Amino acid sequence: MASLVTTFRSLLVPFCLTTSIAFGQAPLKCGTDAVRQRLIQQDPGMLQRESDLERFVHDYLEAHAGERSVDTVFVIPVVFHILHNNGPENISDEQVRDAVRILNDDYRKLNADTSVIVAGFDTIAGDAGIEFRLATRDNLGQCTNGIQRIRTLKTYQGDDGAKLKPWNHNNYLNIWTCSQMEDGVAGYAYYPSAVSGLQALADGVMILHDYVGSIGTSAPGRSRALTHEIGHYLNLQHTWGNNNDPGVACGDDGVEDTPITKGWTSCVLNAAVCDTAVIENVQNYMDYSYCSVMYTEGQTQRMRAALHSSTGGRSNLWTAENLALTGTDGITDQLCAPNPDMYVDHAYICSGETVSFTDNSNNGDVTFWAWTFADGNPATSTDQDPDVTFTTQGSKDVTLTVSNAQGTNTRTFFAAVHVAAYPEAVGLYDESFDGDANLWAMENPEGNATNWEYVGTVGHNNPGSALLDNYNSFFDINFLGDNNGDQDALVSPVVDLTYISAAKLTFWEAYATQTTNLNDATETLKIYSSINCGETWILRETLEVTDLLTGGATPFYYAPSIWNYHEVSLPSSLSVANARFKFVFTSSALTNNLYLDDINITGLVGVGEIGDVTDFLIAPNPVTNSFTVQYALKGAQQAELEILAADGRVVYSTALEASGQGTLVLDKSALGNVSGLYMVRLITAAGSTTRKLIVQ
């Protein structure tokens, strides 16, 4: 299975990475020729498909020779997949609609800047007769506004592995927007001849969010990048030919009315280099100049030819049946009620902190918001993006209702905020996952099938551990089940480490991967700490895949028999009342199961003991029935003895005689007959000191 997925991933590489650039920016290039050659090597049938398509285009152009008027407008249904991680890359619906507006102006020659086309080219600037419409029915027939929002860390990846949840390429033009691309490019698209078999899942355009439209995160100077990419999608080459080396050698793009050119990365309007008697079409959308304003008639005919060919599924997009299916025919179009969604700036806070909520609702414009916050202040709000304060401990649910003229929808976000009103554990800590471990929170940012869970059948010493089930979610609903870069976190309860010194975080783990090639195994486990209940985090340790492996490589479900021990030294800055820890696992495309067990915090108890105490002893310890507390103070003074449970509750307290020393005999019934870890604290006016007590 691993070798099969590796083959698929190697096939799904960018075919053409292109961009339109703004004034003053260096051009972002692509690796068209090299990637095309690689695709040809991996898919011998591609050359034949190219040849067949070129023969079809030639015949089409001959049959339509001399045609200049546009008798038929071809409508192409479009869906935008916004890949984001709650950052600026989560572009607005308005920015998407602005991008569609620009596409329609450019492909219908309605753009105002046609007025600056150089003389000679103004008479051959073409109206492609192509219109783009956001779908109003999705691939399941449900109402949509043609904009799908997907929270994913793959927004920083920007390749075929990030093309999540594609809609059928025979029915829609898929456009994915992202934050970053690994090759430092602005976007890429596939020629129709590159699309075959599983490659169809990658068909469409991948483009940076700040090259979409002219508003929001983008700008007018970058707004023609999508026009350029869709030109490739409709079988247009760069004006200098099928490579990514503008300015190197004169070349031809196979279009009769585009002059031979080397290609341009600057706006030299009267350039005539390849033939000094012929001015080159620097203003062409398929060049790299920053002043692109036109397609030629020949290019528009070539694109229309591609729309009549079945290669790549382009000929089905504009059919009456498909326009009705996708809700883009002007008859079956729909307006949708919004779907509620939101995110918070901090999911983990201490009591009394304020959280900012951001509305991320989609699928329709929202005209009314109604929020409900469990134990929040305010408890309700009709603001779009409210701020809320929480003062009581626990995980807080948030309910959001959104409405417009088409309807109302409600969604509850369970455990949206985790509030620590007091430490959930005190002092030395032990989590074996053998029983109730519900104080540990689980983060699954992408909301996919890969998530942490508790299992009672497998463990280090005893049955019971935390499992990140990567194997069963390997073929998730995402593109080809690719888990590459997926992150999942396991977050500890808040621990009071005030009286712990020389502390260490120790744990056991077991892991296997699905590949024998460690170059393909990029998994990591990172351990973070926080001193403010999890509001902010500091990285403490990074374990590479070679540090984690106990099961080697196996293509089967991994259940461990061997475990690795790890320890992380904790600085004195973590001797605070609101410490928290987080384990974050980042998957590769060939990942398998990870198990964590016996997570402990060890160290010396008694940091900052008060000078008034000359002796403070507990015996026996551990205790099974009764125990004795002996103390001696300097001088006669008032003192109090407290015993705290692991969750920070004071379960017993008493005033001590002001005689300077004494003995107190207690039975474990005073603690509710509950076994576990307790902290015994002696308090005077000068301060306090604490001892650990274990009740068996």
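The values are calculated or read from the model by the stated rules, or taken from the named source; none is laboratory data. This one's a predicted model, so the numbers in the text were calculated from it and none came from an experiment. Ideal geometry is used to build each Cβ from the backbone, glycine not excepted, and the neighbour counts take in all protein chains shown. Note: areas computed on protein heavy atoms with side chains; ligands, DNA, RNA excluded. Shrake-Rupley method; radii C 1.70, N 1.55, O 1.52, S 1.80 Å.
Okay, here's what the table says:
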| quantity | calculated |
| --- | --- |
| Residue match in the stretch 128-139 (condition: more than 25 Å from Asn242 (Cβ to Cβ), open to solvent by less than 20 Å² (accessible area, probe 1.4 Å), assigned to a helix (DSSP H, G or I) and touching a helix residue (DSSP H, G or I) at 6+ places or on another chain (Cβ under 7 Å)) | no |
| Every residue from the stretch 41-72 that is in contact (Cβ under 8 Å) with a residue 40 or more places away in the chain, under 23 Å from Val195 (Cα atoms) and among the hydroxyl-bearing types (Ser, Thr, Tyr) | Tyr60 |
| Every residue from the stretch 310-330 that is touching a helix residue (DSSP H, G or I) at 6+ places or on another chain (Cβ under 6 Å), at pLDDT below 95 and either closer than 29 Å to Trp264 by Cβ or open to solvent by less than 20 Å² (accessible area, probe 1.4 Å) (or both) | Gly312 |
| Matching option when the condition is among the β-branched types (Val, Ile, Thr) and either part of a helix (DSSP H, G or I) or under 21 Å from Thr319 (Cβ atoms) (or both), among Thr155, Thr177 | Thr155 |
| Residues (among the basic types (Lys, Arg) and either surrounded by fewer than 24 Cβ atoms within 10 Å (Cβ to Cβ) or assigned to a helix (DSSP H, G or I) (or both)) located in the stretch 199-252 | Arg222 |
| Number of the exception - Ser501 against (1) within 30 Å of Thr689 (Cα to Cα); (2) part of a loop (DSSP other than H, G, I, E, B); (3) at pLDDT below 90 | (2) |
| The lone exception for Val116 - which of (1) crowded, with 21+ Cβ neighbours inside 10 Å; (2) over 19 Å from Tyr233 (Cβ atoms) it fails | (1) |
| Cβ pairs under 9 Å, 6+ apart, first in the stretch 456-473 and of a type in the set (D, E, K, R), second open to solvent by 10 Å² or more (accessible area, probe 1.4 Å) and part of a loop (DSSP other than H, G, I, E, B) | Asp469/Ala449; Asp469/Asn451 |
| Candidates Asp333, Asp287, Asp359, Asp341 - the one that is surrounded by 15 or more Cβ atoms within 10 Å (Cβ to Cβ), farther than 24 Å from Ala135 by Cβ, within 34 Å of the chain's Cα centre (by Cα) and in contact (Cβ under 8 Å) with a residue 40 or more places away in the chain | Asp287 |
| Among (1) in contact (Cβ under 8 Å) with a residue 12 or more places away in the chain; (2) crowded, with 18+ Cβ neighbours inside 10 Å; (3) assigned to a loop (DSSP other than H, G, I, E, B); (4) more than 33 Å from the chain's Cα centre (by Cα), the one test that Val273 misses | (2) |
| Filtered residues of the stretch 168-184 (kept if open to solvent by 10 Å² or more (accessible area, probe 1.4 Å) and in contact (Cβ under 8 Å) with a residue 60 or more places away in the chain) | His169, Asn170, Asn171, Ser179, Met181, Asp183, Gly184 |
| Residues (part of a loop (DSSP other than H, G, I, E, B), open to solvent by less than 70 Å² (accessible area, probe 1.4 Å) and closer than 27 Å to Asn462 by Cα) located in the stretch 527-565 | Leu549, Thr550, Gly551, Gly552, Thr554, Pro555, Tyr558, Ala559, Pro560, Trp563 |
| Subset of the stretch 366-377 [in contact with a Leu (Cβ under 9 Å, 6 or more places away or on another chain) and crowded, with 17+ Cβ neighbours inside 10 Å] | Trp369, Trp371 |
| Any hit, the stretch 148-163, residues being open to solvent by 50 Å² or more (accessible area, probe 1.4 Å) and among the aliphatic types (A, V, I, L, M) | no |
| Hits in the stretch 253-262 - residues which are open to solvent by 20 Å² or more (accessible area, probe 1.4 Å) and among the charged types (D, E, K, R) | Glu256, Asp257, Lys262 |
| Hits in the stretch 180-198 - residues which are part of a loop (DSSP other than H, G, I, E, B), within 14 Å of Asp159 (Cβ to Cβ) and not β-branched (Val, Ile, Thr) | Gln180, Met181, Glu182, Asp183, Gly184, Ala186, Tyr190 |
| Complete set of residues in the stretch 411-467 that are part of a loop (DSSP other than H, G, I, E, B), touching a strand residue (DSSP E or B) at 6+ places or on another chain (Cβ under 8 Å), small (Gly, Ala, Ser) and surrounded by fewer than 16 Cβ atoms within 10 Å (Cβ to Cβ) | Gly447 |
| Count - residues of the stretch 58-100 that are over 28 Å from the mean Cα position of the chain (by Cα) and not in a strand (DSSP E or B) | 16 |
| Of all residues making up the stretch 507-519, the number that are closer than 28 Å to Glu431 by Cβ and either charged (D, E, K, R) or open to solvent by 10 Å² or more (accessible area, probe 1.4 Å) (or both) | 2 |
| Asp387 vs. criteria among the charged types (D, E, K, R) and either in contact with a helix residue (DSSP H, G or I) (Cβ under 7 Å, 6 or more places away or on another chain) or more than 16 Å from Pro338 (Cα to Cα) (or both) | yes |
| The stretch 640-653, subset at pLDDT 80 or above and open to solvent by less than 40 Å² (accessible area, probe 1.4 Å), residue nearest to Leu677 (Cα to Cα) | Ala645 |
| Residue in the stretch 520-527 that is over 16 Å from Asp430 (Cβ atoms) and of a type in the set (Lys, Arg) present | yes |
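Residue by residue, here is whether (1) modelled with pLDDT under 70; (2) farther than 27 Å from Ala186 by Cα; (3) exposed (fewer than 13 other Cβ atoms within 10 Å of the Cβ) holds:
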site	(1), (2), (3)
Thr19	yes, no, no
Lys29	yes, no, no
Ile40	no, no, no
Phe56	no, yes, no
